[in-house]
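The values are calculated or read from the model by the stated rules, or taken from the named source; none is laboratory data. This structure is a prediction, so every number in the text was calculated from the model and none was measured. Because the Cβ atoms are built from the backbone with ideal geometry, glycine has one as well, and the counts that use them run over all protein chains shown.
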Amino acid sequence: MSDMRIGGLASGMDIDQIVSDLMKAERVKVDKLEQEKQLIEWKQEMYQEMNKEFANFILDTRKEFGLTDITSTGTLISKSVDSLDWVKTATSSNETVTTVDAYANAIRGSYDITVDRLAENFSAASSTIISSGDKANIASQFGVNANDTIKFTIETNEGSQTFDYTNLDSISLDDIVDDINNANLGVTAVYDSEIDRFFLQTDNTGADNWMKITDNSTFASGETFITGASSLLALKYDDNGTSTSLVDGQQYSGVDAQIDFGEAKDITMDSNQFTINGIEFNLKSTGSSTVQVNTDIDAVYEKISSFVEKYNEIVDKVGTKLSEERYRDYKPLTEEQKEAMSEKEIELWEEKAKSGLLRNDMLLSRTMQRVRSGLYDDVVGVTGSFDHLTEIGITTEKYSSGTVGGKLVIDEQKLKEAIQEDVDGVLELLFKEPSDALASKSEDEMTASEIEQKRSESGLIRRIYDNMIQGMKEIINKAGPGDDVNIYRNVKSTMLLDFVTEHGSTSMLTDDIVDLDEEIDDMYDYLTQVEDRYWREFTQMEKAIAQMNQQSAWLMQQFGGGM
């Protein structure tokens, strides 16, 4: 840029306006590049929005089916079809003995259960009041010397730890309780100051859960702290109806539940909650009950119907994008154009400018074509009654003008009859896993024929997911993942890893935007040079006019002086 610009002082012309008008014509070139960039950015955002629609469809329907669950740490885990709890119902004739639930793999029928014994943990407690003084610290609470020593070891099936305390006038019984509980040994200690009793028990029931206490405390009085008849805590346990003191170094275990399940006698379980043949039991007391397992036809129908509804919604959304009208006369607005318009006018204009950017898009069209064709291919290797979608009463709606093709239609009566006849066959048709050899490999490790075989052996809903995921990966390659990367990891853990491995984290559209940015920067450099040239030329003109004006004034002065 020139150091000094002369703006029409000599010529009387509005040089600023003239240069500005000339630059408008030059700026049309950069405006076109920025409009092209804006269109690509909008298109990239639309791809990413559609990919989120696919991802949310997969995640939401998986969750609704119960195929995924979230752990206490927030980790998403997959679950098998056998674990689905909405397929079968189970009822207990005597819920005071046991309550029941059924998973998908439970077999319909009637089952007798007799509970001979409940599972128990091992527990001991102070049989009498334990304090003899102020409860502020051990020394005053038990009337022992402050320089006595409390030392004991708790050993369990989960580990072992020694607890050692001196200066008994500086610690409380609550401190010892906290130390035991924080040791993560599978035991829990409690001191209830209101009733002045101490409790110690294994956390879990069953004979495999045990504890052993070795007490090496040293008291001037000769007492022990936890074990023995002279224990300060006076801990005792129920030994077949007899209150018995803990013995130093002896192992104590919980008790297993014992049941008869039909003709299967004397079954032992380490918990009162367990599953046999897909039936989940929660034992309440000893006694007998009859359990009835049936197919929950309405629940299965509702789950499938809900899935079809969500599937049709995604078909609608994709179909709307593919058929959206394109208004080519509505270009992205320049900053100058926006300044002359209201916010509402800008919003309406950009709505038209964005419309149809994915019209007849190849990636979206190909994804939905795979999904549709996969639905109507037979499922290979089924053992149930059905291997095709139409056999359970689900078909595609007839195409008519103004509608989006590919939506699914349910024949309620036919679907419910299929569920009643062979619910396991319906589930297999929808959720069948491919053979172990194929299921254990990712598609990146497979040949084209193996991928085709895997799809043919997969249930129809799993096939929908696989085909959508393939399309999602292609869209990420084209437009990138956007900001919501975790959603894609939840859909498929390696999806973004595959993208980074293949493309170095840069999508095709991002590359196009980078190239345009470079062109735009070059164009701005060019515009600066052109503007400087205009100003140099007008400055020279102004200087020339000023010089002529000076010469004219001098001549006039000379002529005037000679008269």
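Tabulated data
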| quantity | calculated |
| --- | --- |
| Per-region count, region 241-250, residues part of a loop (DSSP other than H, G, I, E, B) and polar (S, T, N, Q) | 1 |
| Some residue of region 266-287 being part of a loop (DSSP other than H, G, I, E, B), of a type in the set (Asp, Glu), out of contact with any helix residue (DSSP H, G or I) (no Cβ under 7 Å at 6 or more places or on another chain) and not assigned by TED's automatic domain parsing to the domain that holds GLY109 | no |
| Residue ranges of helices (runs of 4 or more DSSP H) in region 433-528 with at least 1 members at pLDDT below 85 | 436-439, 448-457, 485-491, 495-503 |
| Condition met for ILE150 (over 17 Å from ASP169 (Cα atoms) and either free of Cβ contacts under 8 Å to residues at least 40 places away in the same chain or of a type in the set (A, V, I, L, M) (or both)) | no |
| Any hit, region 134-145, residues being in contact with a helix residue (DSSP H, G or I) (Cβ under 8 Å, 6 or more places away or on another chain), in a loop (DSSP other than H, G, I, E, B), closer than 30 Å to LYS473 by Cβ and not basic (Lys, Arg) | no |
| Yes/no for ILE469 being surrounded by 14 or more Cβ atoms within 10 Å (Cβ to Cβ), in contact with a strand residue (DSSP E or B) (Cβ under 7 Å, 6 or more places away or on another chain) and not small (Gly, Ala, Ser) | no |
| Which numbered condition ALA220 fails, given (1) touching a strand residue (DSSP E or B) at 6+ places or on another chain (Cβ under 6 Å); (2) surrounded by fewer than 17 Cβ atoms within 10 Å (Cβ to Cβ) | (1) |
| For TYR191: the one exception among (1) among the aromatic types (Phe, Trp, Tyr); (2) over 21 Å from ASP164 (Cβ atoms); (3) touching a helix residue (DSSP H, G or I) at 6+ places or on another chain (Cβ under 7 Å) | (2) |
| Members of region 226-240 that are at pLDDT 90 or above and either in a strand (DSSP E or B) or exposed (fewer than 13 other Cβ atoms within 10 Å of the Cβ) (or both) | SER231, LEU235, LYS236, TYR237, ASP238, ASP239 |
| Whichever residue in region 130-151 is under 52 Å from the mean Cα position of the chain (by Cα) and of a type in the set (A, V, I, L, M, F, W, C) and, among such residues, is modelled with the lowest pLDDT | ALA136 |
| Segments classed as strands (runs of 3 or more DSSP E), wholly inside region 54-125, with at least 3 members that are modelled with pLDDT of 95 or more and over 32 Å from the mean Cα position of the chain (by Cα) | 109-117 |
| Candidate set from region 251-265 (those that are part of a loop (DSSP other than H, G, I, E, B) and either in contact with a Ser or Thr (Cβ under 8 Å, 6 or more places away or on another chain) or assigned by TED's automatic domain parsing to the domain that holds SER140 (or both)); member that is surrounded by the fewest Cβ atoms within 10 Å (Cβ to Cβ) | ASP256 |
| Lone qualifier among GLY228, GLY249, GLY241, GLY206 - being on the phi > 0 side of the Ramachandran plot and free of Cβ contacts under 8 Å to residues at least 12 places away in the same chain | GLY241 |
| Whichever residue in region 396-426 is β-branched (Val, Ile, Thr) and surrounded by 14 or more Cβ atoms within 10 Å (Cβ to Cβ) and, among such residues, is modelled with the lowest pLDDT | VAL404 |
| Selected residue (criterion: farthest from LYS32 (Cα to Cα)) from residues of region 324-363 that are without any contact (Cβ under 8 Å) to a residue 12 or more places away in the chain and among the polar types (S, T, N, Q) | SER342 |
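Results for (1) small (Gly, Ala, Ser); (2) buried (at least 21 other Cβ atoms within 10 Å of the Cβ); (3) within 30 Å of ASP298 (Cα to Cα), shown as yes or no for each residue.
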residue: ASP82; (1), (2), (3): no, no, yes
residue: ASP116; (1), (2), (3): no, no, no
residue: ALA119; (1), (2), (3): yes, yes, no
residue: ASP134; (1), (2), (3): no, no, no
residue: ASN145; (1), (2), (3): no, no, no
